[in-house]
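Readers should treat all values here as calculations from the given coordinates under stated rules, not as data from a laboratory. Given the structure is predicted, the values throughout are model-derived calculations rather than measurements. Every residue, glycine as well, gets a Cβ built from its backbone with ideal geometry; the counts of neighbours run over all protein chains shown.
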Amino acid sequence: MFMASQNPQKLEKIRDDIELPIIDLHSNRSQAISQIIKACEQYGFFKVINHGVPQEIISRMEHEAHHFFSKPGSEKQRAGPANPYGYGCKNIGLNGDMGEIEYLLLQTNSHHHPKYVSNDPNNFRCAVIGYVAAVEELACELLDMMGEGLLGGPHSCWARDLSGLIRDPESDSVFRLNHYPASSSPAKIGFGEHTDPQILTLLRSNDVGGLQISTQDGVWVPVSPYPESAFCVNVGDVLQVMTNGRFMSVRHRAVVNSFNPRMSMAYFAGPPLNAPICCLPGLATLQKPPIYRAFTWGEYKKATYARRLGDTRLNLFKLLPNDESNVE
């Protein structure tokens, strides 16, 4: 199936015959690790079930998010503007990107959320704190499993390096609530194509499709919301760098549904601003030297937000073919 893109000279192919892997975290651990590694290499995305995040914590956060987005526009505006944290509508970032979306962006290491997001701000604050703590723990577990699979088992001195960046009290993780109102015009772009700059993203959405991924230029794969209990997990740019390109941070977007509104909750696991980002030891050799130079998360974040949503930011940090200065 083909659909017209925002560029009238470009046709996009929709592959609706591909399903993302669904990984049961309560199954055999070594099997689950193997499945995660393969999914990160092949798709950059996967789904997890039996993930340990209590349904009551998810439901409470969904309730608070729904309550916020159901408010009149004038009330929601009191929680903004998103510069960068707060309420945003249509405008995505500060560089002219637009979408059929409204959102609320929050820092995870701050409990001082906008007081106008709820008639009872304490309820909202407690819901956010409980949800973020639970998904952070899940993100750390997934990163530990990735470390085991990549670096030689749980007792490797490097196996917990990935999750350590998230457990750090200074981690720069963020939490984003997205609402895509239903549209009378099909194939409208709710959130334009991009990669996530952080380490890992954990996404929950209501039972409405719209997420699409692209592992091949010009080809888009719709991600079904099934199963409802799952989290969708995707590799970020930082993790692609740290795995020396073995894991893929792939482009994705959200397309507005023409019948039902879509709401999603995204936790972006980010390292501290001063954390050095480079290829993990053992994943680069003289035969396969590092693809990217070392940088700090603060440096990469600055480069990310200075550019448009769809820009390929990692190209700015690629090493020259003969530069082996970062090989461990």
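Key figures for this structure:
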{"item": "Anisotropy class of the range 1-122 from Cα gyration tensor, a/c 1.5 cut", "result": "oblate"}
{"item": "Distance histogram in 10 Å bins (all Cα pairs of the range 58-116, percent per bin)", "result": "21, 53, 24, 1"}
{"item": "Inter-label distance, nm, simple model (7 Å from Cα along the C-beta direction), S229/Q55", "result": "0.7"}
{"item": "Rough spin-label spacing in nm, given labels placed 7 Å along Cα→Cβ, for D217 and D16", "result": "2.7"}
{"item": "Subset of K90/K301; K71/K301; K13/K76; K115/K188; K90/K302; K47/K301 violating a 30 Å alpha-carbon distance limit", "result": "K71/K301; K13/K76; K115/K188"}
{"item": "Peptides 229-239, 102-112, 69-79 ordered by average Cβ neighbours within 10 Å, highest first", "result": "229-239, 102-112, 69-79"}
{"item": "The range 203-328, relative contact order in percent, only Cα pairs under 8 angstrom and at least six apart counted", "result": "24"}
{"item": "At R0 = 22 Å, FRET efficiency that the Cβ-Cβ distance of A133 and Q107 yields, to 0.05", "result": "0.95"}
{"item": "Relative compactness, the chain, computed as alpha-carbon Rg over 2.2 N^0.38 Å", "result": "0.97"}
{"item": "Efficiency of FRET from Cβ geometry, N123 and L273, R₀ 30 Å, rounded to 0.05", "result": "0.45"}
{"item": "Gyration tensor verdict on the range 119-229 (Cα atoms; rounded if a/c is under 1.5, prolate if a/b is larger than b/c, oblate otherwise)", "result": "oblate"}
{"item": "Separation of the H26 and S185 label points, Cα + 7 Å toward Cβ, nm", "result": "4.6"}
{"item": "Percentage relative contact order, the chain, counting C-alpha pairs under 8 Å, at least six apart", "result": "19"}
{"item": "Helix-only CD estimate at 222 nm, as mean residue ellipticity for the chain, using -39500 (n - 2.57) per DSSP H run (n ≥ 4)", "result": "-8500 deg cm²/dmol"}
{"item": "Förster radius 45 Å - calculated FRET efficiency between K288 and D207, Cβ distance, rounded to 0.05", "result": "0.60"}
{"item": "Anisotropy class of the range 95-139 from Cα gyration tensor, a/c 1.5 cut", "result": "oblate"}
{"item": "Kyte-Doolittle at least 0.5, axis length at least 24 Å by Cα - qualifying DSSP helices, the chain", "result": "121-151"}
{"item": "The range 188-328 - Debye-derived log10 I(q)/I(0), Cα point model, q = 0.13, 0.16 Å⁻¹", "result": "-0.62, -0.88"}
